[in-house]
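The values are calculated or read from the model by the stated rules, or taken from the named source; none is laboratory data. In this text, all values refer to a predicted model and were calculated from it rather than measured experimentally. Here the Cβ positions follow ideal geometry from the backbone for every residue, glycine too, while neighbour counts run over all protein chains shown.
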Amino acid sequence: MSGRSRRGATVLSLVILVVMSLSPILIDGLNETTLFRSASSRSANCSGVCINEMMTNADGSDQGMFPAGEWVELHNSGSIEISLENWILEDIGGWVHPIDAGTWVDFDQLATPYVLTAGSYAIIAENEVGTLRLNNAGETLHLKDAGGTVVHTATSGEASNGISKIPDSSDATADWIDSEENTPGAENSETTGGEGEEGGGTPSSLTRIMTMPLDAE
Ligand SMILES: [Ca+2]
Ligand SMILES: [Ca+2]
């Protein structure tokens, strides 16, 4: 074997090695894409304490003290009071936001700390904590109880500046839609006359999720 062909063989084996080492990355990339795709449009039905409204794209800075910044409204839709001690909000980008005195608006006015009575609302705000990073282009947010069990999952569509997202009353598992009016701490105000306009949102939300950074503000 001449020096040249030996060098050629060495280069060839290097190329094969590089390709072999890249393939797991490519496979991981595909899995990640599949994961993101399956994670979109995954709003869930909910009873008990549920995510009920979210401000993913606050007017002005997305961080700040409520009413500035992002916020999430929880609603106890059940018939018994529930303690949210050690519950968290976690988004698909892995940001974990606590539910505690520092994030729960008017926490000190609760009759019992952490207890959300039946029918009442809680506002969990960014409050400059720095961990509520809801993606303006579309977000999937999980509410988890003290044992780490997902209690509710909500997926929002692309948000307009300063307009909150609420469940689509015609389809609980669809991407959330724009509210008619932001109602933190009160019953939601749904956009009227929206029936029949939904249903075509999935492909565009898939595109967004695959092209936008997950933790974009
Ligand atoms: Ca509300
Ligand atoms: Ca945001």
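Computed quantities for the displayed model
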{"quantity": "Flag for T173 being at pLDDT 95 or above and part of a loop (DSSP other than H, G, I, E, B)", "calculated": "no"}
{"quantity": "Number of positions in the range 143-152 that are at negative phi and either surrounded by fewer than 19 Cβ atoms within 10 Å (Cβ to Cβ) or in a loop (DSSP other than H, G, I, E, B) (or both)", "calculated": "6"}
{"quantity": "Every residue from the range 116-128 that is surrounded by fewer than 16 Cβ atoms within 10 Å (Cβ to Cβ), touching a Gly at 6+ places or on another chain (Cβ under 8 Å) and under 20 Å from E187 (Cβ atoms)", "calculated": "A118"}
{"quantity": "Count of residues meeting criterion [without any contact (Cβ under 8 Å) to a residue 60 or more places away in the chain and touching a strand residue (DSSP E or B) at 6+ places or on another chain (Cβ under 6 Å)] in the range 127-144", "calculated": "3"}
{"quantity": "Among the candidates T131, T112, T140, residue that is closer than 23 Å to G94 by Cβ, surrounded by fewer than 19 Cβ atoms within 10 Å (Cβ to Cβ) and away from ligand 1 (no atom under 16 Å from the Cβ)", "calculated": "T131"}
{"quantity": "The range 99-119 residues that are on the phi > 0 side of the Ramachandran plot, paired with ones that are assigned to a loop (DSSP other than H, G, I, E, B) (beta carbon under 6 Å, 6 or more apart)", "calculated": "Y114/L84; Y114/E85"}
{"quantity": "Residue tally, condition over 16 Å from A146 (Cα atoms), touching a His at 6+ places or on another chain (Cβ under 9 Å) and either more than 12 Å from ligand 1 (Cβ to nearest atom) or in a loop (DSSP other than H, G, I, E, B) (or both), over the range 50-90", "calculated": "0"}
{"quantity": "Which listed residue, of S120, S160, is within 16 Å of ligand 2 (Cβ to nearest atom) and at pLDDT 95 or above", "calculated": "S160"}
{"quantity": "Test result for I166, farther than 21 Å from F107 by Cα, within 13 Å of ligand 1 (Cβ to nearest atom) and of a type in the set (V, I, T)", "calculated": "yes"}
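Table: residues versus (1) among the basic types (K, R); (2) surrounded by fewer than 21 Cβ atoms within 10 Å (Cβ to Cβ); (3) over 13 Å from T155 (Cβ atoms).
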residue: V49; (1), (2), (3): no, no, yes
residue: T56; (1), (2), (3): no, no, no
residue: D59; (1), (2), (3): no, yes, yes
residue: P67; (1), (2), (3): no, yes, yes
residue: E70; (1), (2), (3): no, no, yes
residue: L74; (1), (2), (3): no, no, yes
residue: G78; (1), (2), (3): no, yes, yes
residue: E81; (1), (2), (3): no, yes, yes
residue: L89; (1), (2), (3): no, no, yes
